[in-house]
Amino acid sequence: MPDELLVIIPTRGRPQAVPAIIEAWDATDATADVLFAVDTDDPELAAYKQHAATYKADSRVRFTFGKRRRLVGTLNAQAVKAAKSYRFLAFMGDDHRPRPAGMPWDARIRECLSGGPGIVYGNDLLQGEKMATAVAMTSDIVTMLGVMVPDCLVHLCADLVWVDWGRGMGRITYLDDMVIEHLHPAAGKAELDQGYEEANSSEQVSSDSAAYYDYRDNGALEADLAKLRKLVEEAGG
């Protein structure tokens, strides 16, 4: 397996994010591969396909087009596939942007995760250490659990689960000076659009919150942590 990092970005309705993200890759000297996962029923599908053609020659950039699974479903489907080929996997939203620093952010991720199973995240300038709104992990975590996010969730609360996993397995690193900015309406850095309205509707907040608390408090989290601790133990750590 190559010692490489893939960043998976589920995206819908925001084709303008693609060149902005690639610009952020270039500005930070990132060499990580990036996969844009696009729904085939996206109203902006033609624009995404044009971007796919534009960046075809960039070996870092790839696109996948498939049926709509919502954020968690799409991320899980792509992560399980990618875990067979990449040592490190990461998630960013299409509203995240890595920012320049002394050392490229993707090199820091590789460095932090090179010692064995673990999770690392940076400062999104919104939630900070509280939530891993963008995250990276060793792919053996995905292989062990069969998911990158519990599939009881649809869109929200994944960032809480990743912190729970990392703390529970004793292998989590927060890098305050590794900025992966979250350009979210809650921070006044984006306008509300259909995607934000759907993901943050009262119905979605209630549904995902209830699913998260059930996962956390009724045994499923502990079952997953037992698997992750075994993974750490088997890796010698």
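Scan region 84-94 and give yes if some residue there is more than 13 Å from the chain's Cα centre (by Cα), farther than 21 Å from THR143 by Cβ, among the hydroxyl-bearing types (Ser, Thr, Tyr) and crowded, with 20+ Cβ neighbours inside 10 Å, otherwise no. Checked region 84-94: no residue is more than 13 Å from the chain's Cα centre (by Cα), farther than 21 Å from THR143 by Cβ, among the hydroxyl-bearing types (Ser, Thr, Tyr) and crowded, with 20+ Cβ neighbours inside 10 Å.
Only one of the listed residues (ASP58, ASP3, ASP29) is in a loop (DSSP other than H, G, I, E, B), at negative phi and either polar (S, T, N, Q) or at pLDDT 95 or above (or both). That residue is ASP58. Somewhere in region 128-139, is a residue closer than 21 Å to LEU71 by Cα and surrounded by fewer than 20 Cβ atoms within 10 Å (Cβ to Cβ)? Yes, region 128-139 contains at least one residue that is closer than 21 Å to LEU71 by Cα and surrounded by fewer than 20 Cβ atoms within 10 Å (Cβ to Cβ). Scanning region 42-57 for residues that are hydroxyl-bearing (Ser, Thr, Tyr) and more than 15 Å from GLY13 (Cα to Cα) returns THR54, TYR55.
Can you pull out every residue in region 151-175 that is part of a helix (DSSP H, G or I) and among the hydrophobic types (A, V, I, L, M, F, W, C)? Matches in region 151-175: ALA158, LEU160, VAL161, TRP162, VAL163, TRP165.
ARG70 fulfils the conditions (1) farther than 23 Å from ARG167 by Cα; (2) buried (at least 24 other Cβ atoms within 10 Å of the Cβ) except for a single criterion, (2). Across region 147-193, the number of residues qualifying as surrounded by fewer than 23 Cβ atoms within 10 Å (Cβ to Cβ), over 16 Å from ASP124 (Cβ atoms) and charged (D, E, K, R) comes to 5.
Per-residue answers, yes or no, for (1) more than 21 Å from VAL149 (Cα to Cα); (2) in contact (Cβ under 8 Å) with a residue 60 or more places away in the chain:
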| residue | (1), (2) |
| --- | --- |
| GLY13 | yes, yes |
| ALA20 | yes, yes |
| VAL38 | no, no |
| ALA46 | yes, no |
| ASN76 | no, yes |
| VAL80 | no, yes |
| SER85 | no, yes |
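The set of residues in region 196-221 being surrounded by fewer than 12 Cβ atoms within 10 Å (Cβ to Cβ) and assigned to a helix (DSSP H, G or I) consists of GLU197, SER202, GLU203, SER206, ASP217.
The single condition from (1) surrounded by fewer than 18 Cβ atoms within 10 Å (Cβ to Cβ); (2) part of a helix (DSSP H, G or I); (3) under 16 Å from the mean Cα position of the chain (by Cα) that MET144 fails is (3). Applying a threshold of 7 Å to beta carbon distances and a minimum spacing of six or more residues, or different chains, the list of pairs starting in region 160-177 at a residue that is farther than 10 Å from PRO150 by Cβ and ending at one that is among the acidic types (Asp, Glu) and modelled with pLDDT of 95 or more reads TYR174/GLU129. Taken together, THR74, THR133, THR64 contain a single residue that is part of a loop (DSSP other than H, G, I, E, B) and of a type in the set (Ser, Thr, Tyr), which is THR133.
Of all residues in region 38-53 being assigned to a helix (DSSP H, G or I) and touching a helix residue (DSSP H, G or I) at 6+ places or on another chain (Cβ under 8 Å), which is surrounded by the most Cβ atoms within 10 Å (Cβ to Cβ)? That would be TYR48.
The values are calculated or read from the model by the stated rules, or taken from the named source; none is laboratory data. Just so we're clear, the structure is a prediction, and the values are computed from it rather than from any experiment. Don't worry about glycine lacking a Cβ; one is built from the backbone with ideal geometry, like all the others, and counts go over all protein chains shown.
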